[in-house]
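Heads up, the thing below is written out as structure tokens.
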């Protein structure tokens, strides 16, 4: 059983790759639907909010990801708790408000628990793919400013490294695609081998579709 999540900054191809893998191998595609959640909560992505209120939104997103990734069966999902942590850390700038720090710790606990309990493969995608105009015009998405994307990419990489250092991450495999791997077909081929290696390392049966 493969429970796969893709992490990465905006515009790294998470949804596109997840959908293609689901189609190719018969996985259930799980659309995280973070943009829809934001709209439901009355949040406009990119609009300034008081930090404590914004962190409450992040906690809602963390719990939303936990709910969407729970249950049985193989799936591939286009967001992970790693993404939630990266964007949460990005909100902090020398904050000493105890309420905010406490809420951050709660978000971190939810994300760590979800990553370990609900996923067995989390892979980080790096910036560099060419985006269509439709991608650029999509509502309720984070900024595509190149330097901001680079900042989020660095935070995602850092959180993936932190997760990889957990002493008890059960059968979770954590990794990255190299920045040069931007072609969709090449990503699919590489990922198929990645899944086989992960299953072998953790003595987990390989989904029959990958044989």
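The values are calculated or read from the model by the stated rules, or taken from the named source; none is laboratory data. In this text the structure is predicted, and so the values were computed from the model without any measurement. Every residue, glycine as well, gets a Cβ built from its backbone with ideal geometry; the counts of neighbours run over all protein chains shown.
Quick notes
- Residue in segment 94-109 that is surrounded by 17 or more Cβ atoms within 10 Å (Cβ to Cβ), within 17 Å of the chain's Cα centre (by Cα) and part of a helix (DSSP H, G or I) present: yes
- Filtering segment 56-91 to residues that are outside any loop (DSSP other than H, G, I, E, B) and under 17 Å from residue 155 (Cα atoms) leaves 58, 62, 81, 82, 83, 84, 85, 86, 87, 88, 89, 90.
- Where residue 29 falls short, out of the listed (1) outside any loop (DSSP other than H, G, I, E, B); (2) under 18 Å from residue 155 (Cα atoms): (2)
- Condition check for residue 51: touching a helix residue (DSSP H, G or I) at 6+ places or on another chain (Cβ under 6 Å) and modelled with pLDDT of 95 or more: no
- Subset of segment 74-90 [out of contact with any strand residue (DSSP E or B) (no Cβ under 6 Å at 6 or more places or on another chain) and farther than 15 Å from residue 33 by Cα]: 74, 85, 86, 87, 88, 89, 90
- Some residue of segment 163-183 being part of a helix (DSSP H, G or I), modelled with pLDDT of 90 or more and loosely packed, with under 14 Cβ neighbours inside 10 Å: no
- Restricting attention to segment 184-195, the residues that are modelled with pLDDT of 90 or more and closer than 17 Å to residue 3 by Cα total 1.
- Of the residues making up segment 131-151, at least one is at pLDDT 90 or above, crowded, with 17+ Cβ neighbours inside 10 Å and within 27 Å of residue 64 (Cβ to Cβ).
- Only one entry in 43, 34, 61 is surrounded by 15 or more Cβ atoms within 10 Å (Cβ to Cβ) and modelled with pLDDT of 95 or more, namely 61.
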